[in-house]
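A short write-up of the structure that comes next.
The values are calculated or read from the model by the stated rules, or taken from the named source; none is laboratory data. Small disclaimer: the values here were computed from a predicted structure and weren't measured. Glycine gets a Cβ as well: all are built from the backbone with ideal geometry, and neighbour counts include every protein chain shown.
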Amino acid sequence: MPDNKEKYAQLQEAIAKHKGERGAVMPVLQEAMNIFGYVPQDVQEMIADGLGTTLSEVYGVSTFYSQFSLEPKGEHVIGVCLGTACYVKGSQKILDKLCEELKIEPGRTTADGKFSLNATRCLGACGLAPVMMIGEEVYGRLTPDQVPAILDKYRA
Amino acid sequence: MENLVKLTIDGISVEVPAGTTVLEAAKKAGINIPTLCYLKDINQIGACRMCIVDTGARAFGAACVLPVSNGMNVKTNTPKLREARRVNLELLLSNHDKKCLDCVRNQTCELQQMCNDLGVDDVDRFKGSMNTYDVDELSPSIVRNNNKCILCRRCVAACNNTQAVGVIGPVGRGFKTQIRSPWGQSLNDVACINCGQCIAACPTGALHEKDSTKKVWDLLNDETKHVVVQPAPAVRAALGEEFGMPMGTPVTGKLAAALRRLGFEKVFDTDWGADLTIMEEGTEFIGRLQNGGTLPMITSCSPGWIKFCETYYPDFIPNLSSCKSPHEMEGAMIKSYWAEKEGIDPKDIRVVSVMPCTAKKFEAQRPELSHNGLQDVDEVITTRELARMIKEAGIDFVNLPDEDFDPVLGESTGAGVIFGATGGVMEAALRTVYEKVTGATLDKVDFTAVRGTEGVKEASVQVGDLTVNVAVAHGTANAAKLLDSVRSGEKTYHFIEVMGCPGGCVTGGGQPIVSAQKRMECDPKALRAAALYQEDQNKPLRKSHENPSIQALYDNYLGEPNSHLAHELLHTTYAARPKYKN
């Protein structure tokens, strides 16, 4: 895949740029996120070997910060607001329902690559609480029983 | 002139060199500040906050990372400090399984000791959410039980810094943090070298050896099998500690007696295998030296080191001696030479090795260490496991009489004994190589330049017309440094000894646990090694080639060192291993 080859070349460039710096793992992981959209095992191995550190170190950093994703993002990214207003209005139940429907934990992607599920901070639509977003679409005043029908629109 | 700093700790005036930590200074003043994450020379990160002290600053400081300063007035024992430490400890307990009674570290656990010392009276004070983890017991050497982990990171430091392996680290964040290998892999599936230095560093029962005592008990109970045992040199230098004897007490005679009382049919000694190793390895070295073979030749007794080399420095595989390690050689001889002599079918023999080492458990399973479909060694137990068996059997170890090992495969020289300490294999080899090459007698058998606890040691030894340059490294991080200098061409040696663990086998991953407090008071590497050098000194024979039973082995069975038969039974091969498994 020429496309991927180019991505790995970009990664090598990023590694070369930061090699020898103190705390180089963070910026290289960030660049890898920009290049690949996530940081899978082979990418992390390349970073570890390239920077002369261990995979444990790279993996530790990648699991410490929530901005790093270990799997590719799904076709549709769902964000459920767990900000104060939404939380008080029961958004945890919306999130639980989504987990049940999609059979994944927050932060994960479904096996078919259709959906990624995230718990987010305030989305700025408190008047519509509880709120979730799927892609750029906002869904407000939700109840758990509405969730399956909404998901079906994207499953087609 | 060293820059001295004067300070007061709990009203006691102390003077220490600049750069000393408050923890070390307090020790000098006779005050033991409690610690959990601190481990001398290995981990100093101020993470567990057990060693907090009051210096009058806004917040309490962690004594393990707090440098002394002139005029400092430190308090280590105030009501506020005691309360803060206790709360700290109780919070750690709130996410710990607290199953002390069936824990392998019961009574050697630093967390347990700390609860006792600090007067914790309610282990459930902060009862709440707990993490529960699956226990990883897939490795043949090491079991990780994160339900007992307190996240001190001592194992991480040992793996990463002391051993330059780094296959474990903190994963995740906050309450969900755990120490493990990347991508949820078992220790068995990552490039762990099985050395067990993580176990030696662990303050709790989160890490321990994979237990083989049950299998050995079963063997001892099986009347259809001839079950023979061989303990490694280093075992006799440390086993006594498990029974309250002072560190550095050699217990060779009691060891032989205890093994016999456990019911082993023959009590042999890996020291004999060590003498045999010197014959084979010494001859191999002379051959390489005289026939333009690959140099430097590197010793191959330490299975942790071998796996390290195969994984991280595969370009040095041709440099490794092809010799099996001493207990594997001895196992091979038990199932051939001894079996023939006794008229026993090798299929009915079981060889149990008592080793200071967890990597030996892995080594014993290597398919190439076998003959006619039989593994050279069947089971490996560590020094700690042997101690448990002795206790379970109700043997009064301290008051046992001194007994001898069984003849032939239990007869050894001083050269075999010192195999357990860093530099010992090199010294033993030099004693034999010198005499074999020059035909002259060594007037002084002690090669003190290769002794001691320095990470990398070098010496030049005059052997006839030839100056032989040797180096000794212990701990695989030191080995890595040494190999880097060889690879870059900066250093040239003829012969290198590597032992995977710092200090060599005497402080191997299977040896009695030494607490962090104790490590501040003494150096187990030096004390245990001294026990072996003392044994060597007292032996009538101190050179492997003078061992009469080894001479008889060659005369009656193997022919000569590196003969065809010797190669078939006593030598092995290595192969590069991947660093990552996908």
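Summary table below
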| item | result |
| --- | --- |
| Residue identified as in the same structural domain as B:M355 (by TED's automatic domain parsing), under 29 Å from B:A440 (Cβ atoms), of a type outside the set (D, E) and in contact (Cβ under 8 Å) with a residue 40 or more places away in the chain among B:A516, B:A529 | B:A529 |
| Residue, farthest from A:G23 (Cα to Cα), within segment A:57-73, restricted to residues that are away from every other protein chain (no Cβ under 11 Å) and among the polar types (S, T, N, Q) | A:S69 |
| Residue check, A:K97 away from chain B (no Cβ under 14 Å) and either polar (S, T, N, Q) or loosely packed, with under 15 Cβ neighbours inside 10 Å (or both) | no |
| So A:A9, is it away from chain B (no Cβ under 14 Å), in contact with a helix residue (DSSP H, G or I) (Cβ under 6 Å, 6 or more places away or on another chain) and small (G, A, S) | no |
| Qualifying residues in segment A:37-67 (those that are within 18 Å of B:Q185 (Cα to Cα) and of a type in the set (S, T, Y)) - the one surrounded by the most Cβ atoms within 10 Å (Cβ to Cβ) | A:Y59 |
| Those residues of segment B:499-513 which are under 8 Å from the mean Cα position of the chain (by Cα) and hydrophobic (A, V, I, L, M, F, W, C), in sequence order | B:C501, B:C505, B:V506 |
| Positions within segment A:103-156 being touching a His at 6+ places or on another chain (Cβ under 7 Å) and of a type in the set (V, I, T), in sequence order | A:I134 |
| Candidates B:P326, B:P303, B:P296 - the one that is more than 26 Å from B:D406 (Cα to Cα), in contact with a Phe, Trp or Tyr (Cβ under 9 Å, 6 or more places away or on another chain) and buried (at least 24 other Cβ atoms within 10 Å of the Cβ) | B:P303 |
| Total residues in segment B:169-204, condition at the interface with chain A (Cβ under 10 Å from one of its Cβ atoms), buried (at least 21 other Cβ atoms within 10 Å of the Cβ) and polar (S, T, N, Q) | 1 |
| Residue within segment A:107-121 that is at pLDDT 95 or above and surrounded by fewer than 13 Cβ atoms within 10 Å (Cβ to Cβ) present | no |
| Of the criteria (1) acidic (D, E); (2) more than 24 Å from B:G273 (Cα to Cα); (3) modelled with pLDDT of 95 or more, which one B:E546 fails | (2) |
| Considering residues of segment A:122-145 that are exposed (fewer than 14 other Cβ atoms within 10 Å of the Cβ) and of a type outside the set (S, T, Y) only, the residue farthest from A:E71 (Cα to Cα) | A:G127 |
| Any hit, segment B:487-502, residues being within 26 Å of B:A234 (Cα to Cα), surrounded by fewer than 21 Cβ atoms within 10 Å (Cβ to Cβ) and in contact (Cβ under 8 Å) with a residue 12 or more places away in the chain | no |
| Single unsatisfied condition, A:G52 versus (1) away from chain B (no Cβ under 14 Å); (2) over 20 Å from the mean Cα position of the chain (by Cα) | (1) |
| Subset of segment B:15-45 that is within 26 Å of B:R86 (Cβ to Cβ) and free of Cβ contacts under 8 Å to residues at least 24 places away in the same chain - its residue that is surrounded by the fewest Cβ atoms within 10 Å (Cβ to Cβ) | B:G30 |
| Residue in segment B:140-164 that is farthest from the other protein chains (Cβ to nearest Cβ), counting only those that are under 17 Å from the mean Cα position of the chain (by Cα) and part of a loop (DSSP other than H, G, I, E, B) | B:P140 |
| Entirely in segment A:37-156, the strands (runs of 3 or more DSSP E) that have 1 or more residues that are touching a Phe, Trp or Tyr at 6+ places or on another chain (Cβ under 8 Å) | A:76-81, A:115-120, A:132-134 |
| Helices (runs of 4 or more DSSP H) wholly inside segment B:322-422 containing at least 1 residues that are within 20 Å of B:L553 (Cα to Cα) | B:326-333, B:339-342, B:414-417 |
| Tally, over segment B:46-78, of residues that are surrounded by 21 or more Cβ atoms within 10 Å (Cβ to Cβ) and under 18 Å from B:T204 (Cα atoms) | 3 |
| Tally of residues being within 14 Å of the chain's Cα centre (by Cα) and of a type in the set (A, V, I, L, M) across segment A:89-110 | 1 |
| Segment B:417-439 residues that are at positive phi, paired with ones that are of a type in the set (A, V, I, L, M, F, W, C) (beta carbon under 7 Å, 6 or more apart) | B:G423/B:V450; B:G423/B:V472 |
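The rows are residues; the columns are (1) of a type in the set (A, V, I, L, M); (2) more than 23 Å from B:C357 (Cβ to Cβ); (3) touching a strand residue (DSSP E or B) at 6+ places or on another chain (Cβ under 8 Å).
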{"residue": "B:N399", "(1), (2), (3)": "no, yes, no"}
{"residue": "B:L409", "(1), (2), (3)": "yes, no, yes"}
{"residue": "B:Y434", "(1), (2), (3)": "no, yes, yes"}
{"residue": "B:A440", "(1), (2), (3)": "yes, yes, no"}
{"residue": "B:T448", "(1), (2), (3)": "no, yes, no"}
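Table: residues versus (1) at pLDDT 95 or above; (2) assigned to a loop (DSSP other than H, G, I, E, B); (3) among the aromatic types (F, W, Y); (4) touching a Gly at 6+ places or on another chain (Cβ under 8 Å).
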| site | (1), (2), (3), (4) |
| --- | --- |
| B:C37 | yes, yes, no, yes |
| B:C64 | yes, yes, no, yes |
| B:S69 | yes, yes, no, no |
| B:A84 | yes, no, no, no |
| B:V87 | yes, no, no, no |
| B:L91 | yes, no, no, no |
| B:K99 | yes, yes, no, no |
| B:D102 | yes, yes, no, no |
